[in-house]
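The values are calculated or read from the model by the stated rules, or taken from the named source; none is laboratory data. Since we're looking at a predicted model, the values are computed, not measured. Positions of Cβ are backbone-derived with ideal geometry, glycine not excepted, and every protein chain shown enters the neighbour counts. These area figures cover heavy atoms from the full protein model, side chains too; ligands, DNA and RNA do not enter into them. Shrake-Rupley method; radii C 1.70, N 1.55, O 1.52, S 1.80 Å.
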Amino acid sequence: MNRAFLYLLSALFALSMIGVAGCNEPAREVVILSTNDIHAQIDRFPELATAVARCRDTAQVILVDAGDRWTGNAYVDLAEDRRPIIDLMNHLGYDLAILGNHEFDAGQALLERVAGMMEFPLICANLESHEGAELKGFDASRTIQRGGISVGFTGVVTNYGPNNHPDGHDAIFEGLTFRDAVQTAVESAELLDACDVRVALTHVGLERDREIVAATSAYDLIIGGHSHDRTNERVDKTLITQTGKNLKFVGATTIRMDAEGLPELSYREVSLADYEPDPVVAGMVATIKENPALQRSVGELTTTAGRTDLCYLFAESIRCEAQAEIGIYHYGGVRLDSLAAGGVALVDIYNLEPFQSKISLLEMTPAHLRTMIIAKFNDTVKPSEAHCIDLFATIPYEVITDGNDAVDVCFPTLKEGKSYRVALGDYIFKTYKEVQGENGTTTDLLVTDALLKSLSREVYEPLGSVLQTIR
């Protein structure tokens, strides 16, 4: 066998081995772990840490958050710069996050400081910062290379509150403008054209996520937040996901590139209750909660109070505190679903009302009340809050509908034409449509102080009866 023939055999063998290696090349794969609407529920971070660590042991991981990291837990909300939640997220190694509406609750200056403390970037394509704003803008998109796959993210936050900004008082957003979130998401998809996988990281709610998919097929994946849905649905080629609220679940989206280089996506929702707590993170949480002042008992409930009971507690508390004839509070302003019978701690009060809301006063006739209630019942801006009782009052009323929309409101205990002194949460007074009356003002009286006074009675009996009905 001559030398030239041996060289030829060697070359052919080498080529065949390259072919075999190519056929057996492991599939490119990455897992995106996602959270949304954590609302400062730090008690679940030890289990999240374990779940993330186990996934990283077996896969390439990208860890992202879809907004509303705080507002909901006094241990975070009363801490300087909301630092506990950021320290925990930094420790877990988050890769990326989008703004939620509650990121703005404590003002632009705090959000700007917190952004500087984060060891992961924030993105938001529809926020524009102008002269006079304390908050600088953020990148519209970010590409992350992981597991041999380039994953491109763009982010948008809801602008569907009053005056085209996220929910909150107008003063918080001075110098900021927000372009339409759905339109911006559609336009921003082209920023990700060079990526293997295109992801919209959104805080706009499920219905708006569906609007994005209806307007463009450019995204492979939408990771959403804001509406607190548990979502796993596919519309054509786009997968839409969301994990509810309060960190009960983490989303796990597996991306596998097929032989032709096209992404195949699958999603599952992972219950954190199935994981044991990470001891290091559990120790961090225990240290954060070493605050005896917040554990101080402030009262006692005779029976468990559901969310409707709590709405009436708010309404009655602000009525008494402001010495008004009528108290009104909104469902969304009550941030716990229930309070258990027995002792109530100071931390419970701040978890019920984490916004430092004040009491507003207004002189209103039944006609004014009727206009406000009908406008909210027929709300087209926030359809998830429409066609149900949102405004809970200390006086009974019945909403009359045409089968869908409200057309009238009956007040059996009020006299038409008479003016009544009404206490409202300042969020209603400043942001709800059709809030009319005379001598309107926002006081320095805090809703939390009113709640403390109500619950400081030796034993508090929830009102229990439903005063608002629909016909």
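Quick one: in the stretch 33-43, which of the residues that are of a type in the set (S, T, N, Q) and buried (at least 24 other Cβ atoms within 10 Å of the Cβ) is farthest from V64 (Cα to Cα)? Break it down stepwise before answering.
Here is the first cut: in the stretch 33-43, the residues of a type in the set (S, T, N, Q) are 34-36, 41.
Subset that is buried (at least 24 other Cβ atoms within 10 Å of the Cβ): 34-36.
Values: S34: 5, T35: 7, N36: 9 Å.
Across the stretch 33-43, the extreme among qualifying residues is N36.
For the stretch 53-73, the tally of residues that are of a type in the set (A, V, I, L, M, F, W, C) and crowded, with 22+ Cβ neighbours inside 10 Å stands at 5. Contact map, the stretch 325-348: first residue touching a residue at least 24 places away in the same chain (Cβ under 8 Å), second residue buried (at least 16 other Cβ atoms within 10 Å of the Cβ) and of a type in the set (K, R), Cβ cut-off under 6 Å, separation 6 or more or different chains; pairs are E325/R421; G327/R319. The residues in the stretch 205-255 that are in contact (Cβ under 8 Å) with a residue 40 or more places away in the chain and either of a type in the set (S, T, N, Q) or assigned to a strand (DSSP E or B) (or both) can be counted, and the count is 13. Those strands (runs of 3 or more DSSP E) of the stretch 356-470 in which at least 3 residues are more than 30 Å from F173 (Cβ to Cβ), considering only elements entirely within it, cover 397-401, 406-410, 468-470.
Determine whether the stretch 19-32 contains at least one residue that is open to solvent by less than 50 Å² (accessible area, probe 1.4 Å) and modelled with pLDDT under 55. Yes, there is a match, as at least one residue in the stretch 19-32 is open to solvent by less than 50 Å² (accessible area, probe 1.4 Å) and modelled with pLDDT under 55. Given the condition small (G, A, S) and closer than 20 Å to A324 by Cα, answer yes or no: does some residue in the stretch 445-453 qualify? The answer is yes, given that some residue of the stretch 445-453 is small (G, A, S) and closer than 20 Å to A324 by Cα.
For the stretch 62-75, enumerate the residues that are aromatic (F, W, Y) and without any contact (Cβ under 8 Å) to a residue 60 or more places away in the chain.
W70
A count restricted to the stretch 335-355 and to residues that are out of contact with any Gly (no Cβ under 8 Å at 6 or more places or on another chain) and either surrounded by fewer than 22 Cβ atoms within 10 Å (Cβ to Cβ) or part of a helix (DSSP H, G or I) (or both) stands at 11. Going by the conditions given, is R268 assigned to a strand (DSSP E or B) and over 22 Å from the mean Cα position of the chain (by Cα)? Criteria not met by R268.
Checked against the criterion of being among the β-branched types (V, I, T), in contact with a Pro (Cβ under 6 Å, 6 or more places away or on another chain) and either open to solvent by less than 60 Å² (accessible area, probe 1.4 Å) or over 22 Å from D220 (Cα atoms) (or both), the stretch 269-282 has at least one qualifying residue. Residue by residue through the stretch 321-355, note down the ones that are more than 21 Å from the chain's Cα centre (by Cα) and hydrophobic (A, V, I, L, M, F, W, C). Of everything in the stretch 321-355, those that are more than 21 Å from the chain's Cα centre (by Cα) and hydrophobic (A, V, I, L, M, F, W, C) turn out to be A322, A324, I326, I328, L339, A340, A341, V344, A345, L346.
Mind checking which residues of the stretch 383-436 are of a type in the set (D, E), under 28 Å from the mean Cα position of the chain (by Cα) and open to solvent by less than 70 Å² (accessible area, probe 1.4 Å)?
E385, D390, D405, D426
Screening K430 against (1) over 26 Å from G161 (Cβ atoms); (2) at pLDDT below 95 leaves a single unmet condition, (1).
If you filter the stretch 74-85 down to residues that are open to solvent by 10 Å² or more (accessible area, probe 1.4 Å) and part of a helix (DSSP H, G or I), you find that the one that is nearest to E290 (Cα to Cα) is Y75.
Residue-wise test of (1) free of Cβ contacts under 8 Å to residues at least 24 places away in the same chain; (2) of a type outside the set (F, W, Y); (3) within 21 Å of Q242 (Cβ to Cβ).
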position	(1), (2), (3)
D37	no, yes, yes
F45	no, no, yes
L48	no, yes, yes
V52	no, yes, yes
Q60	no, yes, no
D77	no, yes, no
D87	no, yes, no
N90	no, yes, no
L96	no, yes, yes
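Just to be sure before I move on: is V151 assigned to a strand (DSSP E or B) and hydrophobic (A, V, I, L, M, F, W, C) in the structure I sent? Yes: the conditions hold for V151. For I373, the criteria (1) more than 18 Å from V466 (Cβ to Cβ); (2) without any contact (Cβ under 8 Å) to a residue 60 or more places away in the chain hold in every case but one, which is (1).
Going by the structure shown, is E353 among the charged types (D, E, K, R), in contact (Cβ under 8 Å) with a residue 40 or more places away in the chain and out of contact with any strand residue (DSSP E or B) (no Cβ under 8 Å at 6 or more places or on another chain)? Yes, satisfied. Scanning the stretch 185-212 for residues that are farther than 14 Å from R142 by Cβ and crowded, with 24+ Cβ neighbours inside 10 Å, we see that the one that is nearest to the chain's Cα centre (by Cα) is H203. Scanning the stretch 213-242 for residues that are open to solvent by 10 Å² or more (accessible area, probe 1.4 Å) and of a type in the set (F, W, Y) returns no hits.
Sort out which residues of the stretch 154-177 are of a type outside the set (S, T, N, Q) and either assigned to a loop (DSSP other than H, G, I, E, B) or without any contact (Cβ under 8 Å) to a residue 24 or more places away in the chain (or both), and write them in order of number. Break it down into steps so the answer makes sense when it comes.
The first filter runs over the stretch 154-177 and keeps only residues of a type outside the set (S, T, N, Q), leaving 155-157, 160-162, 165-176.
Y160, G161, H165, P166, D167, G168, H169, A171, E174, G175 - these are the residues of the stretch 154-177 that are of a type outside the set (S, T, N, Q) and either assigned to a loop (DSSP other than H, G, I, E, B) or without any contact (Cβ under 8 Å) to a residue 24 or more places away in the chain (or both).
All of S360, S297, S338 fail the test of being polar (S, T, N, Q) and closer than 29 Å to L206 by Cα, apart from S338. All conditions but one from (1) polar (S, T, N, Q); (2) part of a helix (DSSP H, G or I); (3) at positive phi apply to T71; the one that does not is (2).
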